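The values are calculated or read from the model by the stated rules, or taken from the named source; none is laboratory data. If you're wondering where the values come from, they're calculated on a predicted model, not measured in any experiment. Here Cβ is always computed from backbone atoms with ideal geometry, including for glycine, and neighbour counts include all displayed protein chains.
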Amino acid sequence: MMNSFRHLSYERSLNPGKAVFYYRTDSSEFEPLQAEVTRFRGPKSTFSDGYMASGTARAKETSDLGFSNPIMLETCYVPPLVDTVYCRFSLRIISNSLEPNICDNAEATKALREFSDTYRSLGGYHELATRYAKNILSAEWLWRNKFARGIAVEVSTSSLKNYCVKDVQYKEWGSSWEGGDLKSLEGLAAELEEALSCPQKFLFADVTAKIKTEFCQEIFPSQLFVEKDDRGNGSAARQFMKSTMSDGRQAVSFGAYKVGAAIQKIDDWWLDEGAEYPLRVSEYGADRSRVLAMREPVTKKDFYSLLNEIISITEKMIETRQASPNAHYLMSVLVKGGMFQKGIKKGEK
């Protein structure tokens with residue numbers, strides 16, 4: 001039955017905006033943290049500089065390995081005498097995982113609705129919401145910038161509730177949450193759960209990280225993918241994502257996709273037990289650091305394999321009265337959203 005549809009898509013339920021870096025002064029609440037262009041001479045260092053594709057060393061007299069390459073890159077550093085930098089983004093949460101946005105098969109739509117209804121009735125969204133809240137409050141979305149002297153995260157929601165967690169630079173995926181931190185985690189998770197699971201509800205969250213920085217500390221925003229043909233003369237090979245203010249000044253930023261990827265780094269169900277780290281939710285469990293897919297089709301744990309078993313997964317939830325790891329993973333992909341129609345590559349049958 002789940003093989004009978006051709007078109008299936010879900011709109012994403014978590015919609016982050018850009019995360020913008022800025023600092024404050026005595027006269028301004030918002031001064032954009034700006035990039036600068038750095039030019040320097042870099043030594044030749046790539047494999048192809050010294051070797052041919054076959055692995056044979058290039059002739060010494062023609063390799064010119066002692067010469068340097070002129071390099072132009074964008075860089076970003078905290079201005080002198082500024083000891084605190086802020087990074088802020090907004091997040092909109094909508095219950096788009098309760099049913100497909102597009103599905104061309106009535107039976108498939110029915111099975112997907114029964115899955116989400118059962119998952120919701122058993123409190124499955126609470127598990128997802130708690131994991132999303134952990135990543136938001138522990139500032140996973142700062143990526144490399146999380147290595148700092150001190151970080152505090154503040155979250156204000158459209159329901160007029162505020163949450164604050166300090167010293168989050170020490171919090172990791174497996175860290176314990178106690179006292180006021182636990183109270184903030186539980187409060188934010190409850191709001192996220194309601195917004196994810198109730199069709200009449202939606203939530204806005206305003207998230208700000210306060211980062212204690214060192215003197216002229218380097219900041220790492222999102223990098224733009226720049227084709228060589230698009231650079232033009234005098235353009236930097238590495239360019240950062242930026243947000244432009246009304247006065248024309250630009251603040252370095254994280255892209256919405258990068259923020260969302262960090263929030264959705266919750267898949268530790270890819271291993272039956274004892275997964276050392278969570279993956280960003282994806283259909284094949286891509287692990288970018290290892291350049292591997294942890295949910296290859298041969299494992300039968302990829303999204304499409306489990307989607308074909310959604311009726312039996314729903315029946316098992318009803319029987320056991322709890323959501324299984326496969327059910328959590330399936331729903332996390334539906335929350336992520338995407339186009340799941342079944343096509344074939346050109347030349348295949």
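Counting residues in segment 25-42 that are more than 20 Å from SER246 (Cα to Cα), modelled with pLDDT under 80, assigned to a loop (DSSP other than H, G, I, E, B) and of a type in the set (D, E, K, R) gives zero.
For segment 155-176, name all the residues that are touching a residue at least 12 places away in the same chain (Cβ under 8 Å) and in a loop (DSSP other than H, G, I, E, B). Listed by number, the residues that qualify are SER158, SER159, LYS161, LYS166, ASP167, LYS171, GLU172, TRP173, SER175.
Of the residues screened, SER235 is not one that is in contact (Cβ under 8 Å) with a residue 60 or more places away in the chain and in a strand (DSSP E or B). Is it fair to say GLU114 is of a type outside the set (A, V, I, L, M, F, W, C), in contact (Cβ under 8 Å) with a residue 40 or more places away in the chain and either in a strand (DSSP E or B) or more than 29 Å from TYR304 (Cα to Cα) (or both)? No; evaluated as a whole, the condition is false for this residue. Quick check on my filter: what residues within segment 255-277 are over 16 Å from LEU330 (Cβ atoms) and crowded, with 17+ Cβ neighbours inside 10 Å? Within segment 255-277, GLY255, ALA256, LYS258, VAL259, GLY260, ALA261, ALA262, ILE263, LYS265 qualify.
Filtered by the rule that a residue be buried (at least 20 other Cβ atoms within 10 Å of the Cβ), over 30 Å from THR75 (Cβ atoms) and of a type in the set (A, V, I, L, M, F, W, C), segment 112-151 gives LEU112, PHE115, LEU128, ALA129, ALA133. The residue that is modelled with the lowest pLDDT, counting only those in segment 1-24 that are more than 28 Å from THR244 (Cα to Cα) and small (Gly, Ala, Ser), is SER4. For the condition under 30 Å from PHE215 (Cβ atoms) and either touching a helix residue (DSSP H, G or I) at 6+ places or on another chain (Cβ under 7 Å) or buried (at least 17 other Cβ atoms within 10 Å of the Cβ) (or both), VAL37 does not qualify. Return the residue satisfying two criteria in turn: it lies in segment 181-207 and is farther than 21 Å from ILE151 by Cβ, among the charged types (D, E, K, R) and at pLDDT 95 or above, and of such residues it is surrounded by the most Cβ atoms within 10 Å (Cβ to Cβ). Within segment 181-207, the match that is surrounded by the most Cβ atoms within 10 Å (Cβ to Cβ) is GLU193.
Restricting TYR125, TYR132 to residues that are in a helix (DSSP H, G or I), closer than 30 Å to LEU224 by Cβ, among the hydroxyl-bearing types (Ser, Thr, Tyr) and touching a helix residue (DSSP H, G or I) at 6+ places or on another chain (Cβ under 9 Å) narrows the list to TYR132. Sub-6 Å Cβ pairs linking a first residue in segment 289-311 that is among the aromatic types (Phe, Trp, Tyr) to a second residue that is in a loop (DSSP other than H, G, I, E, B) and surrounded by 15 or more Cβ atoms within 10 Å (Cβ to Cβ), at least 6 apart or interchain, are PHE303/GLU283, ordered by first then second residue.
Could you please let me know if LYS242 is surrounded by 15 or more Cβ atoms within 10 Å (Cβ to Cβ), among the charged types (D, E, K, R) and within 30 Å of MET72 (Cβ to Cβ)?
yes
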